[in-house]
Amino acid sequence: SHPLVFRLAIAALLDDKFAFIDEDVRGELTEDTEEELEGVVNNEAIRFFFDMKLKHLDALTKRVLKWSSCQGSQFLQQINNSIGESFEINGDEIDEAIQIAINPEAIVRAMGTKNQNEFHHSIYRELILGTFRSAGEKRKINKALKSGIELWIQDDEKISLLEDGEKYDLYLLANEHLMPLNSVGELDIEALDFDTTTHQLWLKVKFELM
(Lines give C-alpha, C1' and ligand atoms only; values in the text may rest on other atoms or scores of the structure.)
Protein backbone atom coordinates (compact mmCIF):
# COMPACT_ATOMS: atom_id res chain seq x y z
CA SER A 1 0.00 0.00 0.00
CA HIS A 2 0.98 3.66 -0.11
CA PRO A 3 3.44 4.63 2.71
CA LEU A 4 1.22 7.55 3.76
CA VAL A 5 -1.59 5.08 4.52
CA PHE A 6 0.64 3.22 6.98
CA ARG A 7 1.83 6.42 8.66
CA LEU A 8 -1.75 7.62 9.17
CA ALA A 9 -2.85 4.19 10.42
CA ILE A 10 0.01 3.99 12.96
CA ALA A 11 -0.67 7.52 14.21
CA ALA A 12 -4.36 6.71 14.70
CA LEU A 13 -3.58 3.46 16.53
CA LEU A 14 -1.16 5.09 18.98
CA ASP A 15 -3.94 7.50 19.96
CA ASP A 16 -6.26 4.61 20.90
CA LYS A 17 -5.02 2.32 23.68
CA PHE A 18 -8.17 0.18 23.35
CA ALA A 19 -6.87 -1.03 19.98
CA PHE A 20 -4.24 -3.04 21.86
CA ILE A 21 -4.50 -6.15 24.01
CA ASP A 22 -4.58 -5.16 27.71
CA GLU A 23 -4.60 -1.52 26.52
CA ASP A 24 -0.82 -1.69 26.16
CA VAL A 25 0.36 0.28 23.10
CA ARG A 26 3.66 -1.63 23.23
CA GLY A 27 1.83 -4.94 22.85
CA GLU A 28 -0.21 -6.65 20.14
CA LEU A 29 -3.33 -5.35 18.43
CA THR A 30 -6.69 -6.84 19.31
CA GLU A 31 -8.21 -9.21 16.74
CA ASP A 32 -11.01 -6.74 15.92
CA THR A 33 -8.49 -3.94 15.34
CA GLU A 34 -6.40 -6.12 13.02
CA GLU A 35 -9.45 -6.92 10.89
CA GLU A 36 -10.51 -3.27 10.77
CA LEU A 37 -6.99 -2.09 9.90
CA GLU A 38 -6.68 -4.66 7.12
CA GLY A 39 -9.92 -3.40 5.59
CA VAL A 40 -8.81 0.24 5.77
CA VAL A 41 -5.38 -0.46 4.28
CA ASN A 42 -6.84 -2.59 1.49
CA ASN A 43 -9.42 0.07 0.59
CA GLU A 44 -6.84 2.85 0.59
CA ALA A 45 -4.50 0.76 -1.56
CA ILE A 46 -7.34 0.11 -4.01
CA ARG A 47 -8.14 3.84 -4.15
CA PHE A 48 -4.50 4.73 -4.76
CA PHE A 49 -3.99 2.25 -7.59
CA PHE A 50 -7.41 2.99 -9.09
CA ASP A 51 -6.52 6.68 -9.31
CA MET A 52 -3.41 5.65 -11.23
CA LYS A 53 -5.56 3.60 -13.64
CA LEU A 54 -7.89 6.54 -14.24
CA LYS A 55 -5.04 8.86 -15.17
CA HIS A 56 -4.24 6.94 -18.35
CA LEU A 57 -7.79 6.07 -19.44
CA ASP A 58 -9.05 7.90 -22.52
CA ALA A 59 -11.92 10.37 -22.13
CA LEU A 60 -14.59 8.15 -23.70
CA THR A 61 -13.79 5.14 -21.51
CA LYS A 62 -14.07 7.35 -18.40
CA ARG A 63 -17.38 8.66 -19.72
CA VAL A 64 -18.82 5.20 -20.39
CA LEU A 65 -17.74 4.06 -16.92
CA LYS A 66 -19.76 6.95 -15.49
CA TRP A 67 -22.82 5.77 -17.43
CA SER A 68 -22.23 2.25 -16.15
CA SER A 69 -21.90 3.41 -12.55
CA CYS A 70 -25.34 5.05 -12.74
CA GLN A 71 -26.83 1.64 -13.56
CA GLY A 72 -25.28 -0.02 -10.52
CA SER A 73 -22.47 -2.42 -9.63
CA GLN A 74 -23.75 -4.56 -12.50
CA PHE A 75 -24.76 -3.03 -15.81
CA LEU A 76 -26.05 -3.82 -19.28
CA GLN A 77 -24.22 -2.82 -22.41
CA GLN A 78 -27.51 -2.35 -24.30
CA ILE A 79 -28.47 0.39 -21.84
CA ASN A 80 -25.06 2.04 -22.20
CA ASN A 81 -25.63 2.05 -25.94
CA SER A 82 -29.03 3.70 -25.43
CA ILE A 83 -27.42 6.38 -23.27
CA GLY A 84 -24.77 6.84 -25.96
CA GLU A 85 -27.47 7.56 -28.55
CA SER A 86 -28.57 10.54 -26.42
CA PHE A 87 -25.04 11.91 -26.73
CA GLU A 88 -24.58 10.86 -30.40
CA ILE A 89 -21.95 8.22 -29.62
CA ASN A 90 -22.23 4.97 -31.53
CA GLY A 91 -22.37 1.49 -30.03
CA ASP A 92 -19.06 0.31 -31.49
CA GLU A 93 -17.18 3.08 -29.69
CA ILE A 94 -18.97 2.25 -26.44
CA ASP A 95 -18.21 -1.47 -26.79
CA GLU A 96 -14.55 -0.65 -27.40
CA ALA A 97 -14.46 1.56 -24.28
CA ILE A 98 -15.85 -1.25 -22.13
CA GLN A 99 -13.34 -3.71 -23.60
CA ILE A 100 -10.54 -1.37 -22.52
CA ALA A 101 -12.04 -1.27 -19.01
CA ILE A 102 -12.11 -5.09 -18.99
CA ASN A 103 -8.67 -5.68 -20.47
CA PRO A 104 -6.04 -4.43 -19.79
CA GLU A 105 -7.42 -2.22 -16.99
CA ALA A 106 -9.44 -4.86 -15.06
CA ILE A 107 -11.86 -2.21 -13.79
CA VAL A 108 -14.81 -4.14 -15.19
CA ARG A 109 -15.35 -7.86 -15.77
CA ALA A 110 -17.73 -9.73 -18.05
CA MET A 111 -20.56 -11.75 -16.52
CA GLY A 112 -23.02 -14.22 -18.01
CA THR A 113 -23.27 -12.80 -21.53
CA LYS A 114 -21.32 -10.34 -23.66
CA ASN A 115 -23.80 -7.61 -22.66
CA GLN A 116 -23.66 -8.20 -18.91
CA ASN A 117 -20.78 -6.65 -17.00
CA GLU A 118 -19.93 -5.62 -13.46
CA PHE A 119 -17.34 -3.52 -11.68
CA HIS A 120 -14.46 -5.68 -10.51
CA HIS A 121 -14.73 -4.21 -6.99
CA SER A 122 -17.70 -2.33 -5.53
CA ILE A 123 -15.27 0.40 -4.46
CA TYR A 124 -14.42 0.96 -8.14
CA ARG A 125 -18.01 2.00 -8.79
CA GLU A 126 -17.97 4.29 -5.75
CA LEU A 127 -14.80 5.95 -6.99
CA ILE A 128 -16.25 6.42 -10.49
CA LEU A 129 -19.39 8.00 -8.97
CA GLY A 130 -17.05 10.39 -7.19
CA THR A 131 -15.66 11.69 -10.50
CA PHE A 132 -18.84 13.51 -11.54
CA ARG A 133 -18.02 17.19 -11.88
CA SER A 134 -21.47 18.37 -10.76
CA ALA A 135 -24.94 17.21 -9.77
CA GLY A 136 -26.12 18.56 -13.12
CA GLU A 137 -23.82 16.20 -15.03
CA LYS A 138 -25.18 13.22 -13.11
CA ARG A 139 -28.81 14.33 -13.61
CA LYS A 140 -28.21 14.55 -17.35
CA ILE A 141 -26.90 10.98 -17.46
CA ASN A 142 -29.70 9.69 -15.23
CA LYS A 143 -32.24 11.30 -17.56
CA ALA A 144 -30.66 9.55 -20.56
CA LEU A 145 -30.54 6.31 -18.53
CA LYS A 146 -34.24 6.51 -17.70
CA SER A 147 -35.14 7.26 -21.33
CA GLY A 148 -33.05 4.31 -22.50
CA ILE A 149 -34.76 1.98 -20.03
CA GLU A 150 -38.21 3.16 -21.12
CA LEU A 151 -37.39 2.57 -24.80
CA TRP A 152 -36.33 -0.98 -24.03
CA ILE A 153 -39.29 -1.82 -21.77
CA GLN A 154 -41.75 -0.53 -24.39
CA ASP A 155 -40.33 -2.77 -27.11
CA ASP A 156 -41.45 -6.37 -26.55
CA GLU A 157 -39.71 -7.48 -29.74
CA LYS A 158 -36.33 -6.21 -28.53
CA ILE A 159 -36.87 -7.74 -25.09
CA SER A 160 -37.63 -11.12 -26.69
CA LEU A 161 -34.11 -11.14 -28.16
CA LEU A 162 -32.45 -10.81 -24.75
CA GLU A 163 -30.91 -13.70 -22.87
CA ASP A 164 -32.83 -14.61 -19.68
CA GLY A 165 -30.17 -13.09 -17.45
CA GLU A 166 -30.12 -9.86 -19.45
CA LYS A 167 -33.90 -9.62 -19.35
CA TYR A 168 -33.96 -10.08 -15.58
CA ASP A 169 -31.24 -7.45 -15.10
CA LEU A 170 -33.19 -5.05 -17.32
CA TYR A 171 -36.35 -5.53 -15.25
CA LEU A 172 -34.45 -4.96 -12.00
CA LEU A 173 -32.92 -1.79 -13.43
CA ALA A 174 -36.32 -0.58 -14.68
CA ASN A 175 -37.94 -1.31 -11.33
CA GLU A 176 -35.36 0.89 -9.61
CA HIS A 177 -35.47 3.80 -12.03
CA LEU A 178 -39.16 3.93 -13.04
CA MET A 179 -40.90 3.43 -9.69
CA PRO A 180 -43.03 6.28 -8.30
CA LEU A 181 -41.13 8.06 -5.53
CA ASN A 182 -41.97 10.56 -2.81
CA SER A 183 -39.95 13.70 -2.04
CA VAL A 184 -37.30 11.74 -0.12
CA GLY A 185 -36.80 9.12 -2.80
CA GLU A 186 -38.90 6.32 -1.29
CA LEU A 187 -41.50 4.17 -3.05
CA ASP A 188 -44.86 5.96 -2.91
CA ILE A 189 -47.83 4.05 -4.31
CA GLU A 190 -50.04 7.10 -3.80
CA ALA A 191 -47.84 8.96 -6.30
CA LEU A 192 -48.63 6.33 -8.96
CA ASP A 193 -50.13 8.04 -12.03
CA PHE A 194 -51.74 5.61 -14.49
CA ASP A 195 -51.71 8.29 -17.18
CA THR A 196 -47.92 8.54 -17.32
CA THR A 197 -45.89 6.24 -19.58
CA THR A 198 -43.21 5.85 -16.94
CA HIS A 199 -45.61 4.50 -14.32
CA GLN A 200 -47.39 2.26 -16.82
CA LEU A 201 -44.04 0.73 -17.71
CA TRP A 202 -43.17 0.34 -14.03
CA LEU A 203 -46.37 -1.66 -13.48
CA LYS A 204 -45.45 -3.83 -16.47
CA VAL A 205 -42.04 -4.49 -14.93
CA LYS A 206 -43.54 -5.30 -11.51
CA PHE A 207 -45.78 -7.86 -13.19
CA GLU A 208 -42.79 -9.45 -14.98
CA LEU A 209 -40.85 -9.68 -11.70
CA MET A 210 -43.69 -11.40 -9.83
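Straightening the chain between Ser86 and Asp16 buys 19.9 nm, computed as 0.36 nm per residue apart minus the Cα-Cα spacing. Neighbours of Lys17, meaning other residues whose beta-carbon lies under 11 angstrom from its beta-carbon, give a summed charge of -4 when Lys and Arg score +1 and Asp and Glu score -1.
Ligands, DNA and RNA left out, the accessible area of the chain computed with a 1.4 Å probe is 50% carbon and sulfur. With an 8 Å cut-off on Cα pairs and a minimum separation of 6 or more residues, tell me the relative contact order of the chain in percent. Normalised by residue count, the contact order of the chain is 15 percent. What does the charge add up to near Asn115, with Lys and Arg as +1, Asp and Glu as -1, over the other residues with Cβ less than 10 Å from its Cβ? After counting each charged neighbour, the total is -3. Solvent-accessible surface of segment 55-210, taken per residue with a 1.4 Å probe and all protein chains present: 56 Å². Magnitude of the charge dipole for the chain, about its Cα centre and with charges confined to Cβ atoms of Lys, Arg (+1) and Asp, Glu (-1), is about 960 debye. If the label point is 7 Å along Cα→Cβ of Ser134, which residues in segment 62-96 have backbone nitrogen under 19 Å from it? Answer for segment 62-96: 63, 66-67, 87.
Of the chymotrypsin sites (Phe, Trp or Tyr not before Pro) found in segment 175-210, those that fall in a DSSP loop while having at most 15 other beta-carbon atoms within 10 Å are Phe194. Treating r as the C-beta distance of Ser160 and Asp193 and R0 as 41 Å, the FRET efficiency rounds to 0.90. Relative to its Kirkwood radius, the Cα radius of gyration of segment 74-179 gives an Rg/Rh of 0.95. The overall shape of segment 113-169 is oblate: from the C-alpha gyration tensor, with semi-axes ordered a ≥ b ≥ c, the ratio a/c is 1.5 or greater and a/b is no larger than b/c. For the pairs Lys53/Lys167; Lys62/Lys143; Lys53/Lys114; Lys62/Lys204, note any where the Cα-Cα span goes beyond 26 Å. Pairs exceeding the cut-off: Lys53/Lys167; Lys62/Lys204.
Please say if the chain is rounded, prolate or oblate, where rounded means a/c under 1.5 for a ≥ b ≥ c the square roots of the C-alpha gyration tensor eigenvalues, and otherwise the choice is prolate for a/b larger than b/c and oblate otherwise? Prolate, since a/c reaches 1.5 and a/b exceeds b/c.
The values are calculated or read from the model by the stated rules, or taken from the named source; none is laboratory data. The structure displayed is predicted, hence computed values, not measured ones. Ideal geometry is used to build each Cβ from the backbone, glycine not excepted, and the neighbour counts take in all protein chains shown. Remember, those area values only see protein heavy atoms, side chains included, never the ligands or the DNA or RNA. Shrake-Rupley method; radii C 1.70, N 1.55, O 1.52, S 1.80 Å.
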